[in-house]
1. Ordering A:THR52, B:THR23 by how much accessible area each has at a 1.4 Å probe, largest first, what is the list?
2. Picking from B:ASP75, B:ASP55, B:ASP174, which is most flexible by a Gaussian network model of chain B using Cα springs under 10 Å?
3. Give me the dipole magnitude in Debye, nearest 20, for the range B:104-177 about the Cα centre, with unit charges on the beta carbon: positive for Lys and Arg, negative for Asp and Glu.
4. Calculate how many DSSP beta bridges within chain A are antiparallel, expressed in % of all such bridges and rounded to the nearest 5.
5. Relative to the longest principal axis of chain B, what angle (0 to 90°, nearest 10) does the C-alpha long axis of helix B:143-173 take?
6. Output ³J(HN,Hα) for the range A:28-43: one whole-Hz value per residue in order, computed from phi by the Karplus curve 6.51 cos²θ - 1.76 cosθ + 1.60 with θ = phi - 60°, and x for Gly and Pro.
7. Averaging sequence separations of C-alpha pairs under 8 Å and six or more residues apart, then dividing by the length of the range B:99-220, give the relative contact order as a whole percent.
8. Tell me the relative contact order for chain B as a rounded percent, counting alpha carbon contacts under 8 Å between residues six or more apart.
Amino acid sequence: METVIEQVPLDKVIDPSLKKKAKIEVKDVKVWYDDFNAIKGIDMNIKPNTVTAFIGPSGCGKSTFLRLFNRMNDYVEGFRMEGKIKINGENIYKKKVNVEELRKEIGMVFQKPNPFPKSIFDNVAYGLKIQGITDKQLIEERVIDCLKQVALWDEVKDDLKKSGMTLSGGQQQRLCIARTLAVQPSIILMDEPTSALDPISTAKVEELIFKLKEKYTIIIVTHNMQQASRISDYTAFFYLGELIEYGKTKTIFTNPEKQQTENYITGRFG
Amino acid sequence: MANAQYQRDLLNESGAEMLAICTSQLEKSKDAFLNHDSDLAEEVILNEVRVNALDLRIEKNCEKFLALYNPVANDLRFIMAIRKINFDLERIADHAYSISKYVVEVDKKIPPHLFEVLQFHTMYDTIVKMLENIAEAYENKDVKTARKVFQKDKVLDKINTDSFAVLEIEIKKDNNIISEALLLFSVIKKMERVGDLIKNIAEEIIFYIDAEVLKHKKKK
């Protein structure tokens, strides 16, 4: 079975001038949910156009930490945060920050594919429409470009009016990634994006991530160690709300500095 | 991971078994050669089958471990090291086998004084000590003991380098010992190679424990 993603040069589908380099700096970030201290003072710098994997056991704070970058935790009851998160030098937790604008810059893909109950076309066009873009030609071009980027175009080009919900799990996840790309973010957050997918769909999404890092800064939370080692440039290991080790993926997976990291990645944790 | 740990323990035991068999093969080949004991040499030749079988078993289990458990970090270094150690040990056993073949096939007793002038006993004793160091380092994951073999290998290199000139002198003294001298020269070359293989094993043990690559490192 052919599983190779269609090669579409990104420069052809996205205007190179739109390429934005997003540098992330995290300084002494602490998070509480009421009295529970979920993140206990983390410093981290993430380079532009890299893939960074967050790993760690359930409840270690990696998803909470990921959701800080697009301020998704703001809606969680009892959420409180200290410290600074700067994207290209701007603290995203300053009061005057427009969260909706911020989220245009920072797209997110979730564990379970969550297409809207709309047509395939409208799913991808949705973000553009709520941004107030009405130029039909531009929307159409962008939808086609994004579907090509996620290697879904050939599979759906004759069914663009069909509901997004009719697609397979793997196709739905790629549709959600296309929807994220449509608003041209500079950072893409992924929270276990392939945990609900079969190996073939997983391979397609992984190949896509590899391709996308040319243009985007990608942060991915994963429980799959092999996935983290396959696709990421940097890996961060979290445990009990602390960042235990953060470094080049090659080093983490061949010779980690901390025993805790070694125990976790070799499956001997606890 | 419990199963993976079990498989790793089994591989570790097989590695120790291979080390013990190959050390025994080499020691027996030494005694067979020094005493021209063809019975003992035959035993080494027969035991080669066991070495080969264990070599294949380790190779197969390494492949299985890599395929089924996707090892990383220490597990990955262990599996990489054990494969190379196994390869080197099998080569050491091959040398023991060829030396024993000489004993069986060549009906010539080496004049005892040649062993003396060539420091042949020192060479063999050094190799045995190196193998003891390796066994201890492997069992106790002891990098310091593994490093001891590097200095000892220099003794072997020196004896090997000197052997040509020493034998030249001896042959000039007595033309009748040419074939014995050539045989001895060939065995010394094999022993020197065994020393290099033991050094490789020490490097692999250090790599697996400390993640330090010593291969091709220039001496400072």
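1. The ranking, largest first, comes out as B:THR23, A:THR52.
2. The residue with the greatest mean-square fluctuation here is B:ASP174.
3. 280
4. 60
5. It works out to around 20 degrees.
6. Karplus values, whole Hz, x for Gly and Pro: 6, 7, 10, 10, 10, 10, 6, 8, 7, 8, 7, 10, 10, x, 10, 10.
7. In percent, rounded to a whole number, it is 32.
8. Working: 233 pairs, mean separation 55.9, N = 220.
RCO, chain B: 25 percent.
The values are calculated or read from the model by the stated rules, or taken from the named source; none is laboratory data. Every value quoted in this text rests on a predicted model; they were computed, and no experiment measured them. Cβ coordinates were reconstructed from backbone atoms using ideal geometry, including for glycine residues, and neighbour counts include every protein chain displayed. Quick note on the areas: whole protein, heavy atoms, side chains included, nothing else; ligands and nucleic acids left out. Shrake-Rupley method; radii C 1.70, N 1.55, O 1.52, S 1.80 Å.
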